[in-house]
Amino acid sequence: MTNVLTNSDLSRINHLLDTVFDPEIPVLTIRDLGIVRDVRLLPEGGCEVVITPTYSGCPAMNMIEVNIKAALQEGGIEPVRVTTVLSPAWTTDWMTESGRIKLREYGIAPPLVASQDKKALMGERSAVQCPHCGSQDTEMIAQFASTACKAMFRCHACLEPFDYFKCH
């Protein structure tokens, strides 16, 4: 069935997209992550959702595409086309402030603002705040953690390990 949609349908589509969660970090929606780049109404009916993966090899993108189509179709939006674009590359700067707060509350240190993380270019390490106790006395113990987009850190104050969502 083809639905000819109007601009007034865009808010409903965006609301439905707010129900699609990242399969790897289930407290974040795809809009929290900033991977939804655009929503377009198609002249022939339905809509197109343009997404950019957090990195080009992200294994969650296929599941995210399936979940986008399911959420929109269950909400009466058909047909649904999902288009993946790689350029410009996704950056953690696209994450919402709400998403950063949700990460911290979930126990994952949110990414530093990119301009703060450029110390790495000079061989300096940025202070990553522990999501458990708030201390900045932390150290990276592994470049990769539970997923490739995260690094493993340890807090010297509370001694807890934690994931850090790396800046891109």
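Just so it is clear, none of the values below were taken in a lab; they were calculated from the coordinates. Remember, predicted model here, so these are calculated numbers, not experimental data. In this analysis, Cβ positions are derived from the backbone assuming ideal geometry, glycine residues included, and neighbour counts consider all displayed protein chains.
Within region 40-63, list the residues whose amide N lies under 17 Å from a label point set 7 Å along Cα→Cβ of residue 4. What the label zone holds, given the 17 Å backbone N cut-off, is 41-47. Cysteines in the chain lacking any other cysteine Cβ under 4.7 Å from their own Cβ: 47, 58, 149, 167. Counting Lys and Arg as +1 and Asp and Glu as -1 over every other residue whose Cβ lies under 15 Å from the Cβ of residue 148, the net charge comes to -1.
Excluding residue 88 itself, calculate the net charge of residues whose Cβ lies under 15 Å from the Cβ of residue 88, where each Lys or Arg counts +1 and each Asp or Glu counts -1.
Around residue 88, the charge tally is -1.
For region 9-84, the share of DSSP beta bridges that are antiparallel, to the nearest 5, is 55%. Given Cα pairs under 8 Å that are at least 6 residues apart, what percent is the relative contact order of the chain? Value for the chain: 18 percent. In degrees between 0 and 90, to the nearest 10, how far off the longest principal axis of the chain does helix 97-106 point, with axes built from Cα atoms? Roughly 60 degrees between the two axes.
Among 44, 97, 65, the largest mean-square fluctuation in a Gaussian network model of the chain (Cα springs under 10 Å) belongs to 44.
Once you've got the GNM for the chain with C-alpha springs shorter than 10 Å, pick whichever of 23, 88, 111 has the biggest mean-square fluctuation. Maximum fluctuation in the GNM of the chain, among the listed residues, is at 88.
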